[in-house]
Amino acid sequence: AATTEAPPVGARVYDAIVIGAGFSGLYQMLRLREIGLSARVLEAADGVGGTWYWNRYPGARCDSESYYYSYSFSDELQQEWTWSERYPGQAEILRYLNHVADRFDLRRDIQFDTRVAAASYDGAANRWTITTTAGEVFVATFLITAVGCLSSANVPAIPGLSDFTGAWYHTGEWPHDGVDFTGKRVGQIGTGSTGIQAAPVIASQAAHLTVFQRTPNYSIPARNGPMDPEFDRAIKANYAEVRRKTRHSVNGHPFDISPVRALDVPEDERLALYERAWEVGGLQFRAVFHDLLTNRAANDTASDFIRAKIRAIVRDPAVAETLMPYDHPFATKRPPIDTEYFETFNRDNVSLVDLRRTPIERITPAGILTTEREYKLDIIVFATGFDAMTGPLLRIDIRGEHGTALRDAWADGPQTYLGLQVAGFPNLFTITGPGSPSVLSNMPIAIEQHVDWIIDCIQHMRAKGLARVEATEEAQARWVAHVNEAAHATLLPQAASSWYLGANVPGKPRVFMPYAGGAGRYRKICETVAANGYEGFRFRAG
Ligand code: NA7
């Protein structure tokens, strides 16, 4: 491609462009400003919040606990903000992120209602040209994607959807003024974390809810409740230690994974430990034993325990049987946590359709037709998840050196070095990119680590008079192999329908995308890479 030294006419020039104003983009902007770079955040929505801006479906709530699903970079911020519940709801997280944007005066550097369509790198000029869907052009030395991992909605291509005369919604693109389910017949497709949160709330409002289930799922009670003021005080007095622990743990959570192996304890003791964890609730259920994600026999004990709970909760034995997960070990797909999910199937106004037995044939003007019968519906809720990790990046036409499209570079699955950079795409940083632990970790902590690493790298370049950084092919190939090896050291790839593998999107390459070697270990690797002069990266003066 022809290159020119002068930026395109009308282009606005910055040191860095950041795409997205969620947890990642806000903190990235703050840090870029702090080191004196000129930067602009481009955000498709009309407000900050990312995931928490879009996911306004009933029951939307974070599965990490509020005291650690938050920024750690400012002690004043963490001391002054008080969460109202054990798990933060969508509206509260959105309030928090708006508070952060105001408190750190970030809005003046964010351009809202601006969707990035394309970004291409010009090697001769060492700059990125970023084009929006409205035709605006920005030019920057660095392009930083803060687009999230679960932000590209997956609406399955079920024939007939356009003929449906009722209303339909994807949970990740929920109307801001809500949906009134009163008196309505609602069909919900999908029983992942989202569907499991939404179903009990929809059922409590609708005339009737029909849940269309393809893969039955494990779920652990969340045991949400109001924040205990005593607990809040104790955490705030001890925040430094809480944060230290989250940074070095396997999943970015402040709790310990037991060193004990499941089969090393007698059965009654094991069941008592599961029982206690079930009562405590939440994601730490999988921390009861050390080997739940590495040893199938150990995992079976947890999977059996949860199946027994489902049998005990759900009154109709046939419904309980349909809800029984069978095709994957516990926690090999992202484990949901719930508030009365299985109990919801005891309600008179809720029914369950097993799509494995009677698949959907099409959507009709009046509802959903399976191979068995038609279900008449007023509203269809698609809780069908996302084109995870790569989707948000690939829907932007990103082109690196010599015009190579990221779509082509990743035709066989994502390839990155540390999830932070892609060979052939100089000066592009991907916050929580594929190949990083991101989605297997508590997000805000994972995000802060990436942003801080990127800032250190840019500072290193400025100190040395360097203007261009790129992952080498060799370092990338080694990292891709390591990501693959880390996944296969666990049971995670055994869940054939998992979005970690891209399996929920037809035609997507089946590659285990996140780094499963542990967030704490990953942090150390990134630190070592930097300490060793950014090994695996190639720098140039311009
Ligand atoms: P998930 O976890 O990807 O769940 C999507 C659900 O939708 C899952 O039950 C899917 O079944 C189902 N699905 C997807 N496509 C179809 C079609 N075509 N027909 C029937 N059912 C379908 O997304 P969530 O939004 O729940 O959660 C995403 C993440 O957000 C979550 O893991 C947390 O990290 C936060 P399948 O299992 O593929 O058979």
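The values are calculated or read from the model by the stated rules, or taken from the named source; none is laboratory data. Being a predicted model, the structure only gives us computed values, none of them experimental. Counting neighbours? That spans all protein chains shown, and the Cβs are built from the backbone with ideal geometry, glycine included.
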Among residues belonging to segment 364-377 that are in a loop (DSSP other than H, G, I, E, B) and surrounded by fewer than 20 Cβ atoms within 10 Å (Cβ to Cβ), point out the one that is nearest to the ligand (Cβ to nearest atom). 371
Looking at 399, 395, 407, which one is basic (Lys, Arg) and crowded, with 21+ Cβ neighbours inside 10 Å? 399
3 or more residues of a type in the set (S, T, N, Q) and at pLDDT 95 or above: qualifying helices (runs of 4 or more DSSP H) within segment 211-328: 296-313
Could you go through segment 27-39 and let me know if any residue there is under 30 Å from residue 195 (Cα atoms), assigned to a loop (DSSP other than H, G, I, E, B) and either charged (D, E, K, R) or in contact (Cβ under 8 Å) with a residue 12 or more places away in the chain (or both). no
Of (1) surrounded by fewer than 19 Cβ atoms within 10 Å (Cβ to Cβ); (2) within 21 Å of the chain's Cα centre (by Cα); (3) more than 18 Å from residue 481 (Cβ to Cβ), residue 413 satisfies all except one. Which? (3)
Considering segment 30-49 alone, what residues qualify as being in contact with a Ser or Thr (Cβ under 8 Å, 6 or more places away or on another chain) and within 22 Å of residue 453 (Cα to Cα)? 42
State all residues of segment 1-26 that are in a loop (DSSP other than H, G, I, E, B) and more than 18 Å from the chain's Cα centre (by Cα); if no residue qualifies, say none. 1, 2, 3, 4, 5, 6, 7, 8, 9, 10, 11
Helices (runs of 4 or more DSSP H) contained in segment 433-542 and holding at least 3 residues under 21 Å from residue 16 (Cβ atoms), at pLDDT 95 or above and within 17 Å of the chain's Cα centre (by Cα): 443-464
Taking interchain pairs and intrachain pairs at least six residues apart, which have beta carbon atoms under 6 angstrom, with the first residue in segment 497-520 and without any contact (Cβ under 8 Å) to a residue 40 or more places away in the chain and within 12 Å of residue 414 (Cβ to Cβ) and the second away from the ligand (no atom under 14 Å from the Cβ) and not aromatic (Phe, Trp, Tyr)? 512/487; 512/493
Can you name every residue in segment 318-344 that is among the β-branched types (Val, Ile, Thr) and within 26 Å of residue 89 (Cα to Cα)? 332, 337, 339, 344
If I ask for residues that are in contact with a Gly (Cβ under 7 Å, 6 or more places away or on another chain), over 18 Å from residue 329 (Cα atoms), within 13 Å of the ligand (Cβ to nearest atom) and not in a helix (DSSP H, G or I), which ones from segment 186-209 would you list? 187, 188, 190
Within segment 43-65, the residues that are on the phi < 0 side of the Ramachandran plot, of a type outside the set (A, V, I, L, M, F, W, C) and within 16 Å of the ligand (Cβ to nearest atom) are 51, 53, 55, 56, 57, 58, 61, 63, 64, 65
Could you tell me how many of the residues in segment 501-514 are within 9 Å of the ligand (Cβ to nearest atom) and not β-branched (Val, Ile, Thr)? 3
